[in-house]
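The values are calculated or read from the model by the stated rules, or taken from the named source; none is laboratory data. As the structure is a prediction and not an experimental result, all values here were calculated from the model. For neighbour counting, all protein chains shown are included, and Cβ atoms are generated from backbone atoms with ideal geometry for every residue, glycine included. Surface areas here come from the heavy atoms of the whole protein model, side chains and all, with no ligands, DNA or RNA. Shrake-Rupley method; radii C 1.70, N 1.55, O 1.52, S 1.80 Å.
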Amino acid sequence: MREQPPARPVDQSDARRAFTPFRLAGLTLRNRIIKSATYEGMSPGGRAGTALVEHHAELARGGVGLTTVAYAAVASAGRTFAEQLVMDEDQVVRLRPLTDAVHRHGGAASLQLAHCGGFSKYRAAGDPGPVGPSRGFNPYGALSGLPWAREMSEAEITGVITDFADAAGRAKAAGFDAVELHLGHGYLLSQFLSPATNRRTDSWGGSLTNRLRLPIAVVRAVRERVGDQFPILCKTNLDDGFAGGLGLEESVMVARALATEKVDALVLSAGFVSRSAFYLLRGGRPLRQMIAAERKWSQKLALALFGPVLVRPWPFTELFLLESARRVREAVDIPLALLGGVSSRDNLATAMREGFELVAVARALLANPSWVRELEAGTLERTRCTRCNICIAEMDRNGVRCVL
């Protein structure tokens, strides 16, 4: 167990540490700043496009240590909608230009692997439709003919474990330097962890030990596929952001279990897309722009009906997850990435001083892809991002971008 370092004023030597190399398993990052996975909207029909390649190449040119390609579904049925990336065999060739470009600019690339579980508005031919740990209402698919998620069978659970391992193997073949397993934000593995969505009475539900079975099985299968020197990061929730969901006490126990499995780092996040979507983001709530960006009238109507409940606003403050993240820092010795409202050089210094080895950043890098390089050079002190969150609506228009 780590002791918290004593409180002291911001020291620029702490900030400079953020720009020093860091080793994860067999990978050495040029600095400790991760581009957090944020859905890009640049994979039409589930296929990686040239815009996705350039997006991550630009982030690497800007100096980020590790850029994360967001939400690669481990199977077609793991998509929340048709335009999400599917990590099938075809993507190995399609994604190689992306990893090559990132490497040319001195960065490293990670692929976030996920499955939507019971939160989806998409069903391709041959797909079973939304499935989760338990039967439940699916507000995202309610007006797309998919109002309910079915409880997964034992065979489907086993199949998902294999899907994650296969997708990780393909990521490695495509030249990625790491994978990030998505255990947060209310997607399938998060649904199994959360007592609000996992109401099973068999060995996959009930106690936290049982609710952890699927995430742990996925970690083990992925590790067996990629080997000990290939970094596995896990994005986990500090809390789900609503009463009855996964709370901080159990989240600390999840972190301890993952540390026992020797994952290489945890990215500490929060929120549940289907119930507390903006708990992770904080700041503006661009509901009008999000409705305008939807292409189908049914989805516009769904967002107009359910949006005021699902897209509840939370006020933004810098480093808004720090207090909760400290609890995990006290409990485990593995590398942790602090996420949430990182805005300035002083914020980087605070993260380093508090004992976090890595920092995960999203909106600041969307506002300025060269943010890392400029901070390191001393030509910039903080992001220009205003936390308006209109970039969330832009994801569904022509790909994520900062409107500034």
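Can F242 be described as open to solvent by 30 Å² or more (accessible area, probe 1.4 Å), touching a Ser or Thr at 6+ places or on another chain (Cβ under 9 Å) and either touching a residue at least 60 places away in the same chain (Cβ under 8 Å) or closer than 18 Å to L189 by Cα (or both)?
yes
Any idea how many residues of region 170-201 are in contact (Cβ under 8 Å) with a residue 40 or more places away in the chain, of a type in the set (S, T, Y) and open to solvent by 20 Å² or more (accessible area, probe 1.4 Å)?
2
Got a sec? Which of A109, A48 is open to solvent by less than 30 Å² (accessible area, probe 1.4 Å), in a loop (DSSP other than H, G, I, E, B) and either closer than 25 Å to D166 by Cα or out of contact with any helix residue (DSSP H, G or I) (no Cβ under 7 Å at 6 or more places or on another chain) (or both)? Spell out how you get there, then give the answer.
Details: A109 fails: in a loop (DSSP other than H, G, I, E, B).
Testing whether each residue is open to solvent by less than 30 Å² (accessible area, probe 1.4 Å), in a loop (DSSP other than H, G, I, E, B) and either closer than 25 Å to D166 by Cα or out of contact with any helix residue (DSSP H, G or I) (no Cβ under 7 Å at 6 or more places or on another chain) (or both) leaves just A48.
Is it fair to say T236 is open to solvent by 30 Å² or more (accessible area, probe 1.4 Å) and of a type in the set (S, T, N, Q)?
no
Do we have L95 as under 17 Å from G169 (Cα atoms), aliphatic (A, V, I, L, M), touching a residue at least 12 places away in the same chain (Cβ under 8 Å) and not in a helix (DSSP H, G or I) here? Let's see the steps before the verdict.
Details: under 17 Å from G169 (Cα atoms): yes; aliphatic (A, V, I, L, M): yes; touching a residue at least 12 places away in the same chain (Cβ under 8 Å): yes; not in a helix (DSSP H, G or I): no.
For L95, the condition - under 17 Å from G169 (Cα atoms), aliphatic (A, V, I, L, M), touching a residue at least 12 places away in the same chain (Cβ under 8 Å) and not in a helix (DSSP H, G or I) - is not met.
Out of the residues in region 264-297 that are assigned to a helix (DSSP H, G or I) and of a type in the set (F, W, Y), which is most open to solvent (accessible area, probe 1.4 Å)?
W297
Assess whether F316 counts as being closer than 16 Å to S194 by Cβ and either at pLDDT 90 or above or surrounded by 23 or more Cβ atoms within 10 Å (Cβ to Cβ) (or both). Step through it out loud before you land on a result.
Numbers: closer than 16 Å to S194 by Cβ: no; either at pLDDT 90 or above or surrounded by 23 or more Cβ atoms within 10 Å (Cβ to Cβ) (or both): yes.
For F316, the condition - closer than 16 Å to S194 by Cβ and either at pLDDT 90 or above or surrounded by 23 or more Cβ atoms within 10 Å (Cβ to Cβ) (or both) - is not met.
Report, ordered by the first and then the second residue, all pairs with beta carbons closer than 8 Å, sequence separation of six or more or different chains, a first member in region 353-379 that is closer than 15 Å to G63 by Cβ, and a second member that is aromatic (F, W, Y) and open to solvent by less than 10 Å² (accessible area, probe 1.4 Å).
Every condition considered, the pairs that remain are V361/W371; A364/W371; L365/W371.
Which of the residues belonging to region 157-169 are open to solvent by 20 Å² or more (accessible area, probe 1.4 Å) and either within 14 Å of S76 (Cβ to Cβ) or touching a Phe, Trp or Tyr at 6+ places or on another chain (Cβ under 8 Å) (or both)?
G159, D163, D166
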